[in-house]
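Coordinate-derived values only; no laboratory data. If you're wondering where the values come from, they're calculated on a predicted model, not measured in any experiment. Ideal geometry is used to build each Cβ from the backbone, glycine not excepted, and the neighbour counts take in all protein chains shown.
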Amino acid sequence: MTAPFSLGAALTAGVVAAGLAGAAAAQTELRWGHVYEAQSPYHAWAERAAEMLEERTDGRYTIEVFPASSLGKQVDLAEGLGLGTVDIIYDGQFFAGRRYGPMAIGSAPFMFRDYAHWEAYRDSELFEDLATGYTDATGDDIAGLVYYGQRHVTSNEAIETPADMDGMKIRVPNASLYKMFPEAVGANATPMAFSEVYLALQQGVVDAQENPLPTIQFKKFHEVQDHITLTGHITDALLTIVAGRLSDSMSEEDYATLMEVLGEAANGASGDIRQAELDLVEWFRGEGTTVTEVDRAPFREAVAEQLNGPDATWDRATFDRLQALQ
């Protein structure tokens, strides 16, 4: 027997269904694109940030993270902030410096004495001032500074002093600040696509390359290079950048929550990368690679005059503030 039709029940069911549909429609999904592998701490902490944002906004916002250049190369992602195709990205300091020159200072050689100096910069009023300047210049916001690691040199010849690099053909990214150090010690800086480096080392097209230890391990450069020299010539980092339009579309409270979780994720990834960096010295030695600690002072002295030279996109006052940090 068919149950009698109830107008009240139908209306109640309709109201509930409409409420559920409204709740579903209220959730906004943000898009975070980056060029790093899904196995990297950068991706893992981006995914963690997505979970934290959804939890802390009671489901109003979530983030879908697109790793490994699935939304485009780095230049595409940076452009996507303005085009609306992406909401959050990682960007290198040098490349961010193309939009606001002073921001590149953190990618210059020997700007930092050690990791503690880098941490002091990350937490400093100087970095806050640079982030504000970047926002004023671009309209986008910086939510965090993510440690990328100290860049070291791999080679098939031992390096103990700057003179040992004279004439060495070393692969570097195609950017002036990455060429500055090798050119200062007499090496031949050779820009090359990252995907081509392993084969170029294997075939002797270049003699050396430079990258942080986690990257050297991931790309297996130690398979085709006998030596790692801990020059630590650049203490590199990434910026977590948020499209400025989000501050207009989100409530003040939700936007503050977004910036908060992105900052926490930046610190979490930084800690993981730093620990990996420390652990890998002995790991490489266990793999049979010669890992050499050198006196960094002569290497720094070779490049010191250029740090405020024609390639500098910052002023001397900014340089002096960074060096004064303790």
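Among the criteria (1) of a type in the set (Val, Ile, Thr); (2) closer than 30 Å to Ala50 by Cβ; (3) touching a helix residue (DSSP H, G or I) at 6+ places or on another chain (Cβ under 7 Å), the one Thr215 does not fulfil is (3).
In the range 135-173, of all residues being farther than 30 Å from Ile216 by Cα and in contact (Cβ under 8 Å) with a residue 60 or more places away in the chain, the one that is surrounded by the most Cβ atoms within 10 Å (Cβ to Cβ) corresponds to Asp140. Inclusion of Ser247 among residues that are without any contact (Cβ under 8 Å) to a residue 60 or more places away in the chain and over 30 Å from Ala297 (Cβ atoms) is not warranted. Could you look through the range 208-231, keep only residues that are within 20 Å of Leu177 (Cα to Cα) and more than 17 Å from the chain's Cα centre (by Cα), and pick out the one that is surrounded by the most Cβ atoms within 10 Å (Cβ to Cβ)? Per the stated criteria, the residue is Gln209. With respect to being of a type in the set (Asp, Glu), under 30 Å from Ala184 (Cβ atoms) and buried (at least 16 other Cβ atoms within 10 Å of the Cβ), Asp91 fits the description.
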